Amino acid sequence: MSANQKRVFAYALCFPVAFVVGGCCTGVAALFDASPLGIVSAGIAGFMAVMGTAIKLIGPFDF
């Protein structure tokens, strides 16, 4: 298995985690009666926070 394949596998593991975190952020925003744009923004922010951290951590790592 090449380094790029291992990197893709690591990103594939982070992707569902990012969806769960984004969904939790969306749920909390909806629970607190945020505006529709605020609810969507919270979900996207949660997703991007996890994926951004994953890219920052996994990207330069040499398998």
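Things to note:
- Residue in the stretch 3-12 that is modelled with pLDDT of 95 or more and open to solvent by 70 Å² or more (accessible area, probe 1.4 Å) present: no
- Where a residue in the stretch 27-51 is in a loop (DSSP other than H, G, I, E, B) and its partner, wherever it lies, is modelled with pLDDT of 95 or more and surrounded by 14 or more Cβ atoms within 10 Å (Cβ to Cβ), with Cβ under 8 Å and at least six apart: Ala34/Ala42
- Residue count for the stretch 13-26 satisfying the condition of being in contact (Cβ under 8 Å) with a residue 12 or more places away in the chain and either surrounded by 14 or more Cβ atoms within 10 Å (Cβ to Cβ) or closer than 14 Å to Ile55 by Cα (or both): 9.
The values are calculated or read from the model by the stated rules, or taken from the named source; none is laboratory data. Only a predicted model underlies this, so the values are computations on that prediction, with no experimental measurement involved. Note that we place each Cβ from the backbone using ideal geometry, even for glycine, and neighbour counts take in every protein chain shown. What goes into the accessible areas is simple: the full protein's heavy atoms, side chains included, and nothing from ligands, DNA or RNA. Shrake-Rupley method; radii C 1.70, N 1.55, O 1.52, S 1.80 Å.
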